[in-house]
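Structure first, then comments.
The values are calculated or read from the model by the stated rules, or taken from the named source; none is laboratory data. On a predicted model such as this, the values are computed, not experimentally measured, just so you know. Positions of Cβ are generated from backbone atoms using ideal geometry, with glycine treated the same way; all protein chains shown enter the neighbour counts.
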Amino acid sequence: MRIYLLVAAIAGGVTWLVTPLIRHVAIEIGAVGEVRKRDVHTVPTPRMGGLGMLIGFVVAMIFASRLPFLSGLFAGGYQMWVILAGGVMISLLGMADDLWDLDWMLKLAGQLLISVFVAWGGLQIISLPLGGQLVTASPSLSMAITAFLIVASINAVNFVDGLDGLAAGIVAIGGIAFAIYSYIIARSSPSYASLATLIDIGLVGICVGFLLHNWHPAKLFMGDSGSMLLGYLITCASIVMTGRLDPASIHASIYLPVFMPILLPILVLFLPVLDMCLAIVRRLAKGQSPMHPDRMHLHHRMLKIGHSVRAAVLILWGWAALIAFGSLMILFFKAQHVAIGMAVAVVVLTIATMYPYLKHRIPELRAENMAMEAARSKAHHAAAPTATEAMESMEAMESVETIGQTGGETGDAAEAHDGEAAGNVETRKND
């Protein structure tokens with residue numbers, strides 16, 4: 001384990017040292033990303049940080065090839081060298097996109113060609129869990145599945161690379177989970193040396209080294225040259241790990257719950273894969289290209305809720321860690337205990353995720369309720385005087401009728417009096 005940690009330290013240290021140089025080179029050659037509508041940053045920032053990550057990874061692997069404990073991984077075949085060659089090619093493709101903004105179809109075609117080359121060079125899914133046992137796949141099917149997984153992971157990490165430190169942190173978390181799992185698998189072999197663990201630990205090292213320059217506010221973006229490299233390497237490590245599973249001696253039921261080889265990249269890259277799937281469905285539903293940019297990614301939604309960039313990154317890291325390490329904990333604890341722990345973590349992360357929304361929404365709801373109560377009270381008070389006026393009107397009408405009746409009686413008395421007076425006058429005349 002100490003040797004792996006040394007390799008990780010070398011990868012991180014070299015990446016940290018060369019990244020400032022890469023930043024100056026990016027500025028000189030014009031690899032500076034302009035501020036677009038979908039971008040979160042407001043200042044043009046150099047890209048192409050993936051070149052520094054590539055240099056750190058290659059130096060760490062060359063150093064590892066000279067160590068007696070790990071030298072056998074390089075001498076026993078060409079697999080590691082094929083992976084390094086594919087990493088260089090995928091980074092060069094990403095650098096071209098950082099410089100010239102390649103068309104998405106051209107970029108996808110390049111990714112597919114590189115993935116097929118790596119699969120043809122020996123990096124393939126060896127066995128598939130079918131029918132309760134691990135079945136060895138045919139060479140053509142293995143190449144197809146391998147190429148698909150590599151291309152999917154490359155684009156998943158590329159899609160989630162929208163905030164400072166987000167992609168590097170999520171991949172580092174997944175790399176740590178992968179490294180622990182592959183190290184446990186390697187302990188059952190005569191030699192503890194594991195190519196999957198080596199790739200994972202080098203991957204974690206370059207992510208940490210780059211994060212020191214990429215934490216918000218970032219001095220440099222990894223660009224497609226970095227995000228594509230990270231997605232490529234973490235998938236290569238998972239595919240290499242499947243080669244250590246012996247179909248004749250290991251029953252598939254042991255790995256089906258969590259460690260199915262095809263699902264391993266999805267588990268540790270759950271958030272990037274989810275974001276990619278949602279983006280593709282959303283864009284196709286609108287009649288747009290699957291690669292059409294927008295501001296509807298998960299990290300954009302976190303900012304709309306009210307999170308700061310750093311808070312959004314940390315919370316998304318928490319979700320990634322929950323999924324990656326939650327699946328890994330089944331190796332050490334009972335499934336029931338793991339489920340309880342994950343449920344508690346889900347509640348905590350959900351509250352943290354929705355807190356800014358609730359913080360602003362609850363006062364708004366209270367204000368709306370107060371406004372509704374005030375409107376109801378006003379309506380009630382407006383209706384009450386109307387009833388009083390009606391009562392007063394009725395009393396006034398009754399008074400008028402009473403007066404009318406009184407007036408009638410008075411008139412009759414007056415007429416009688418007049419009649420009597422007239423009679424008296426006539427009597428006097430007669431007299």
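Odds and ends about this structure:
- Pairs where the first residue, in region 75-86, is within 18 Å of MET53 (Cα to Cα) and the second is at pLDDT 95 or above and of a type in the set (Gly, Ala, Ser), C-beta under 7 Å, 6+ apart: none
- ASP164 in contact (Cβ under 8 Å) with a residue 24 or more places away in the chain, among the charged types (D, E, K, R), surrounded by 21 or more Cβ atoms within 10 Å (Cβ to Cβ) and farther than 30 Å from PHE69 by Cβ: yes
- With respect to the conditions (1) over 19 Å from GLY205 (Cα atoms); (2) in a helix (DSSP H, G or I), GLY77 falls short on a single one, namely (2).
- Taking each residue of region 317-342 that is aliphatic (A, V, I, L, M) and looking for partners that are not in a helix (DSSP H, G or I) with beta-carbon atoms closer than 7 Å, six or more apart or interchain, yields ILE330/PRO257; ILE330/VAL258.
- Flag if LEU203 is assigned to a helix (DSSP H, G or I) and within 22 Å of the chain's Cα centre (by Cα): yes
- Every test in (1) outside any loop (DSSP other than H, G, I, E, B); (2) of a type in the set (A, V, I, L, M, F, W, C); (3) under 27 Å from LEU211 (Cα atoms) is passed by ILE362 save one, and that test is (3).
- Flag if LEU73 is over 25 Å from the mean Cα position of the chain (by Cα), buried (at least 22 other Cβ atoms within 10 Å of the Cβ) and modelled with pLDDT under 90: yes
- Of the set (1) modelled with pLDDT of 85 or more; (2) surrounded by fewer than 16 Cβ atoms within 10 Å (Cβ to Cβ); (3) closer than 29 Å to LEU220 by Cα; (4) not β-branched (Val, Ile, Thr), all apply to ARG36 but (1).
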